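For reference, the structure discussed in these notes is given below.
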Amino acid sequence: MLQYTARRLLITVPVLWAAFTLSFLLIRAAPGDPVDIMFGPQESGGGVEAVTKEQKDQRRRELGINQPLPVQYVAWFGRVLHGDIGTSFKSRRSVFVELQQRLPATLTLAAASFTIKVVVVVGLGILAAAKVGSIWDHLVRLFALVLIAMPSFWLGLLLLWLFAVHFQWVTVAGPATPQRVVLPAVTLGLVTAPTVMRVLRASLLAELGRAHVVFSRAKGLPEHLILWRHTLRLAMLPAVTLLGISLTYLMTGSVIIESVFSWPGVGKYVMDSIQARDYPVIQGFVLLATAITVFGNLLVDLAYGLLDPRIRLGTAGQT
């Protein structure tokens, strides 16, 4: 098992390099010059330019973006190998420090929304499978369909208007407090739950139709015992895969939700940096997002071995 884990960690090296390289090329291929965005367009007032072309060129030289792309890439990659992911064009502070300051807020939001998501997925998924064909099953499936069709920002704005503006039960400004995390966590948890919920329902129904379950029923075992002891662990396997993938999304893909609720996390910071074409911040975020995604997939593989002994024994035999 240790050798298997070590091999998976080694695979992350080329994955990280490919992600870094693609982010470097794509962000520079996007229209817009960070210096032009920083200073704004040249405007003449009384015959005097607010910002001269020479000043902008000087700023480009200071940032190192006036050089050819291969030179920029080699310089940037060399800094990354030494643990320096760059300095923000906008704030002129270390990107690592900037991300570190905002990461706790994003982790808080991800943990809260993941907890809500697991409760919704497991609770409603089991209810729909146990009451298949009933009104409860139809209501759960309708609820999932509505959430799938609903954009995340629209649900966020709806909850924001209802609970923050109309009832005034929560606030949406200020630091990252437990009260403020409720609405974005509920929004993020609900919009990412329907797919996993439907997969868990389908997987449970498939397991409940297997021969060993029919035999257990013939022996007179109660339904709740069959469900919890004989089917749920195996039925959770595909759901665990989606939960693991969604956990990385909750960590790195909550840009829209953080922007809607003005949550002071990494997502809102990156959104502002994209608009400003702040290359080092975007590349630093890609580094963080790729590392979290790879680590999340590794945790999913390890969870498979814990849930299904056949996978664990097969891995042990290979190593």
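Overview of results
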| item | result |
| --- | --- |
| Unique match (being surrounded by 20 or more Cβ atoms within 10 Å (Cβ to Cβ) and over 25 Å from T231 (Cα atoms)) among T171, T106, T177 | T106 |
| Index of the failed condition, V170 passing every other in (1) farther than 20 Å from A110 by Cβ; (2) aliphatic (A, V, I, L, M); (3) not in a helix (DSSP H, G or I) | (1) |
| Subset of region 199-215 [surrounded by 14 or more Cβ atoms within 10 Å (Cβ to Cβ) and not small (G, A, S)] | V199, L200, R201, L204, L205, E207, L208, V213 |
| Qualifying residue in region 110-130 (condition: in a helix (DSSP H, G or I) and more than 30 Å from L204 (Cβ to Cβ)) | no |
| The one condition in (1) in contact (Cβ under 8 Å) with a residue 40 or more places away in the chain; (2) over 30 Å from L81 (Cβ atoms); (3) within 20 Å of the chain's Cα centre (by Cα) that L247 fails to fulfil | (2) |
| Residue within region 241-260 that is closer than 21 Å to R141 by Cα, of a type outside the set (G, A, S) and buried (at least 21 other Cβ atoms within 10 Å of the Cβ) present | yes |
| Filtered residue count, region 217-240, keeping only those that are without any contact (Cβ under 8 Å) to a residue 12 or more places away in the chain and within 31 Å of the chain's Cα centre (by Cα) | 1 |
| Positions within region 261-279 being surrounded by fewer than 22 Cβ atoms within 10 Å (Cβ to Cβ) and part of a helix (DSSP H, G or I), in sequence order | M271, D272, I274, Q275 |
| Meets criteria (assigned to a helix (DSSP H, G or I) and under 22 Å from T293 (Cα atoms)) for T231 | no |
| Condition check for R180: farther than 16 Å from V119 by Cα, assigned to a helix (DSSP H, G or I) and at pLDDT below 85 | no |
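Per-residue answers, yes or no, for (1) under 24 Å from A29 (Cβ atoms); (2) at pLDDT 80 or above:
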| residue | (1), (2) |
| --- | --- |
| G244 | no, no |
| L247 | no, no |
| E258 | no, yes |
| P264 | no, yes |
| D272 | yes, yes |
| Q275 | yes, yes |
| D278 | yes, yes |
| V281 | yes, yes |
| T290 | yes, yes |
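Residues checked against (1) outside the structural domain of M251 (by TED's automatic domain parsing); (2) touching a strand residue (DSSP E or B) at 6+ places or on another chain (Cβ under 9 Å); (3) farther than 28 Å from I256 by Cα:
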site: Q58; (1), (2), (3): yes, no, yes
site: W76; (1), (2), (3): yes, no, yes
site: F89; (1), (2), (3): yes, no, no
site: R92; (1), (2), (3): yes, no, no
site: V120; (1), (2), (3): no, no, no
site: I126; (1), (2), (3): no, no, yes
site: L142; (1), (2), (3): no, no, no
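Conditions tested, residue by residue: (1) surrounded by 14 or more Cβ atoms within 10 Å (Cβ to Cβ); (2) at pLDDT below 85; (3) not small (G, A, S).
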site: A50; (1), (2), (3): no, yes, no
site: A75; (1), (2), (3): no, no, no
site: G86; (1), (2), (3): yes, yes, no
site: K90; (1), (2), (3): yes, yes, yes
site: G123; (1), (2), (3): no, no, no
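The values are calculated or read from the model by the stated rules, or taken from the named source; none is laboratory data. Just so it is clear, the model here is predicted, and its values are computed rather than measured. No Cβ is skipped: glycine too gets one built from the backbone with ideal geometry, and neighbour counts run over all protein chains shown.
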